[in-house]
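Undergrad: Dropping the structure in here first, questions after.
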């Protein structure tokens, strides 16, 4: 497969195909709670909201929260799946645009990752994300016990996270489940969430690294740094079997046998 | 005054002096609801939250919201001043870091400005901020009627805003009160809020363009683009009588007569 083909403006790549919102998996499943959209209006404005995804497994991880006008809808979508806000261990905002991080305050007790910043309460950790190292959620390696002082309670949390030395190392070695990786370009500090072991293979929940399945004509104009983003997109296409984009349906990356090198 | 002096690493500049949290003004006052902090910990983490400011006048404007762990405190600080969340017309997140935009969902009916993106509900306007034009709040020039569909109600809002052609034009011509201007560098899309006519002159609520009054030794390491940020800082120091920084007390910029050219 010519991985660069999907990155060039042109007709839709037949090797990228939209799929449904639910991807079972062991130990993690991926569900799209809300499919993002981005619709230009005749007056020059744009109606937009982002894709919101829920990962369920040893930890419960919400990736992007939608815009601040949609908090009731988000709570409803979570409750339809039996998830209360307090059940969410980690919230990832793939980048700091308002349609992605509008509802962080619904999850004050969660570990919050926005771009490359990782925080628990007002304590910001040295994540290594800005330096290109992945941040591993729920690995089989390490346990970090953190004491959070929140709302007059001391909460003892056991979020299992650890760090790795190279950007994609976690995908190949000790972190077998879920990791956060820097995928900059759309902004200077975007991250994506990589989930291994689903029924469809490796899923990358990519924020606005990809706008939608066939975004060849649109993503550059929304990018702070198209050259950097193009590199991030190529890496993601190389790793992923499925990509969940920021403003469209999830899509499958079909590879021909022996291709992709 | 050597404007560049405050930008060089070195001893504190005696011409920058911290002041109190309340700045009366006509038509706008500026109150710091929460003074930001940034305290490195021995384990390599950092405890931080941002400065939260309230502008009161023809419109009520909240500049930065603090981290998502602090929503109850923010609501309390607003209520102490007789402000309910629904009274806030405009919320500005100076940039998309989690300690600045953690509580947007408390204000679902407000116009939301995060970095260079301006939205009302899921409708994103062409603000011109990313192209360097200021966005004027509450000018005497124009009225934009916008119909917001929110929580099953149609709300008719009359937020008085308009656009200007050059970055600082609003400070010198028709927009006499409050304008949002792009001041990039800390991230790619930072904005600051400029308030004219206070009892202390022109106030710039600057987010992390300035960390605190004497940040000469710290701001660069937190910057995505120090060269761009240095330019933004010089422009702000040239315009402001008072600067409200992202992680410290407001400070006054004292100018000697005949200096500053």
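Undergrad: When each copy gets a label point 7 Å from Cα toward the beta-carbon at residue A:227, what are the spacings between them in nm, shortest first?
TA: 1.2
Undergrad: Right, next: Averaged over peptide A:44-56, how many Cβ atoms belonging to another chain are found within 10 Å of each residue's Cβ? Kindly include the intermediate steps, with their values, before the conclusion.
TA: Details: counts 3, 10, 7, 5, 5, 4, 1, 0, 0, 0, 0, 0, 0.
The shielding value for this peptide is 3.
Undergrad: Which order do the peptides A:97-106, A:126-135 take when ranked by the mean count of other beta-carbon atoms within 10 Å per residue, highest first? Mind showing how you got there, number by number?
TA: Details: A:97-106: 28.0, A:126-135: 18.8.
With the highest mean Cβ count within 10 Å placed first, the list reads A:97-106, A:126-135.
Undergrad: Quick one: go through the range A:224-251 and flag any residue whose amide nitrogen is under 11 Å from the point 7 Å out along the Cα-to-Cβ line of residue A:18.
TA: Flagged as within label range: A:248-251.
Undergrad: Let me ask another. Within the range A:70-114, list the residues whose amide N lies under 20 Å from a label point set 7 Å along Cα→Cβ of residue A:221.
TA: Residues passing the 20 Å test: A:98-99.
Undergrad: Distance in whole Å from the B-onto-A rotation axis to the closest C-beta of chain B, together with the residue it belongs to, please.
TA: Smallest Cβ distance to the axis, with its residue: B:96, 1.
Undergrad: Between residue B:39 and the same site in the other copies, what are the distances in nm, shortest first, taking label points 7 Å from Cα along the C-beta direction?
TA: Taking the point 7 Å beyond Cα along Cα→Cβ, the inter-copy spacings are 4.9 nm.
Undergrad: Oh, and also: If you put a point 7 Å past Cα along the Cβ direction, how far is that point for residue B:201 from the same point in each other copy, in nm, smallest first?
TA: Its label point is 6.3 nm from the equivalent points in the other copies.
Computed from the coordinates by the stated procedures, all read-outs in this text should not be read as laboratory data. Every value quoted in this text rests on a predicted model; they were computed, and no experiment measured them. Heads up, the Cβs are rebuilt from the backbone with ideal geometry, glycines too, and the neighbour counts pull from every protein chain shown.
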